[in-house]
1. Work through the residues other than PRO347 whose Cβ is under 9 Å from its Cβ and net out their charges, Lys, Arg +1 and Asp, Glu -1.
2. Please list, in chain and number order, the residues 5+ apart from VAL382 or on another chain whose amide H is under 5 Å from its amide H, with Hs placed from the backbone.
3. A 32 angstrom limit on the alpha carbon distance is what I want to check against. Which of LYS274/LYS390; LYS237/LYS390; LYS237/LYS325; LYS218/LYS274; LYS159/LYS274 exceed it?
4. Can you list the aspartates and glutamates whose alpha carbon sits under 15 Å from that of LYS50, skipping same-chain ones fewer than 8 residues off?
5. Starting with the highest mean, order 260-270, 163-173, 205-215 by the number of other Cβ atoms within 10 Å, averaged over the residues of each peptide.
6. Grab the other residues whose beta carbon is less than 12 angstrom from that of ALA369, score K and R as +1, D and E as -1, and report the net.
7. At a Cα cut-off below 12 Å, give the aspartates and glutamates reachable from LYS166, other chains included and same-chain residues fewer than 8 away excluded.
8. For LYS360, go through the aspartates and glutamates and keep the ones whose alpha-carbon is under 12 Å away, minus same-chain ones fewer than eight residues off.
Amino acid sequence: MSIVPLFWIVALLLVAAVLAAIVWPLLRGGADDQGGGEADAATSVYRDQKRQLDDECAAGAISVEERDAAVDELATRLSAEIDQAPTPAIKPGAAATSRARYGWALILVFAVPVASIALYAMFGSPAAMQVAANPPAAQTPASGPQIEAMVEQLAARMKSQPDDPKGWTLLGRSYAVLGRFRESADAYRRAAALAPADAAILAEWADSLAMANGQTLKGEPSRLIDRALAIDPNNPKALALAGSAAAERRDYAAAIADWRKLRSQLQPGSGPEKEVDQMIAEAEAAQAGGAPAPPGATPSASAPTPADIAASTISGRVSLGPALKDRVAPAETLYIFARAVNGPRMPLAVLKEHAGSLPKSFTLDDSMAMSPAARLSTAGKVIVEARISKSGATTPSPGDLRGASAPVEPGAQGVDIVIDEVVR
């Protein structure tokens, strides 16, 4: 039984109990006014005399036969007196009084429930019953379209409040999460104009700008990194990017120095420390292979070989499970990405296609990294996932379709992924 009907049943029972307590004495009082009379008096005398005879018989003053004969005589005399008694007359005003009592009882029968409902409506909480009967649905995590809508609301607010550096920073970070790096870089530029001495904003700006420029830190991103380190030489993000920029131009000694400085700030044994250790080891291995190549020079023996490139890529094939073929539109977005088994969930490499291209052969490599500091070649074991986004958003939403591989290492080939699961 739902809460609302139960409430009204209990309320009606309480009202009925109150009415019974008030109305019953009124009705009973009317009946008592018409009782009594001579017949009642004669009956009372008879009972007293019979009780007295019973007491004398019990005490041995008279025999049982004498008692029974006396009782018979009393009964005959009582019957004669009742027959001769006049019909009791109604007292003047008694009928009117009785009608008044019935009238008041009738008024109370209607007035008490009406007054109760009126008082509850004025001072109670009728809405509380509706809430109790229909509790709000459990809150669910925001979907991809909802996140994008919130980001657009933030962007609209920043147009009306353009002097808020924290707001621009949040907008830049939000655009980066959605993969909209050009807009992210522009938001960080606005934030840096308002807070030019904030090293963290400059480092984030450099990262987003590098992604928007084809995942390269050359040019303006490197200049922004230098500005950030001039303000704060220990800024973690700036150090990570500085090392990546140095490695990109094959200045491995500078990369190792920057990453060792970053490593000294990390918690021993943590995932980030292990990632930096692996980056340092790779830079040391590259450095040992030959002298660092100056910018613009012809690649030397220290340049990656075809074997090195193959060892940092993953290739395979994505197909759609038979049960889901009718649930896919060719224009829907297909994401194929790799993420570390142990470590941040940020993808290390991302490939974007249309669902109409399925079945799709793929190759993931470092050129598809979302951040220069988090690349496929720096990871241990990874999981390759494929997801068909109904909304086109980078974040999963209910109704999206997905599939995933078992953990594999960079360099794996022939990875087979079947999209056979619906995101709930």
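FYI, it's all coordinate maths here, none of it is from the lab. Remember, predicted model here, so these are calculated numbers, not experimental data. Backbone-built Cβ (ideal geometry, glycine too); neighbour counts: all protein chains shown.
1. On the way: positive: ARG339, ARG345; negative: GLU385.
Summing Lys and Arg as +1 and Asp and Glu as -1 gives +1.
2. Long-range HN contacts for VAL382: VAL341, VAL408, GLU409.
3. Values: LYS274/LYS390 36 Å; LYS237/LYS390 34 Å; LYS237/LYS325 43 Å; LYS218/LYS274 26 Å; LYS159/LYS274 42 Å.
Over 32 Å apart, Cα to Cα: LYS274/LYS390; LYS237/LYS390; LYS237/LYS325; LYS159/LYS274.
4. Output for LYS50: GLU65, GLU66, ASP68, ASP72, GLU73.
5. Values: 260-270: 13.2, 163-173: 18.2, 205-215: 21.9.
Going by the mean number of other Cβ atoms within 10 Å, highest first, we get 205-215, 163-173, 260-270.
6. Working: positive: ARG339, ARG375; negative: ASP207, GLU248, ASP365, ASP366.
Overall, the nearby charge balance is -2.
7. Output for LYS166: ASP198.
8. Within the straight-line limit of under 12 Å, LYS360 reaches these aspartates and glutamates: ASP416.
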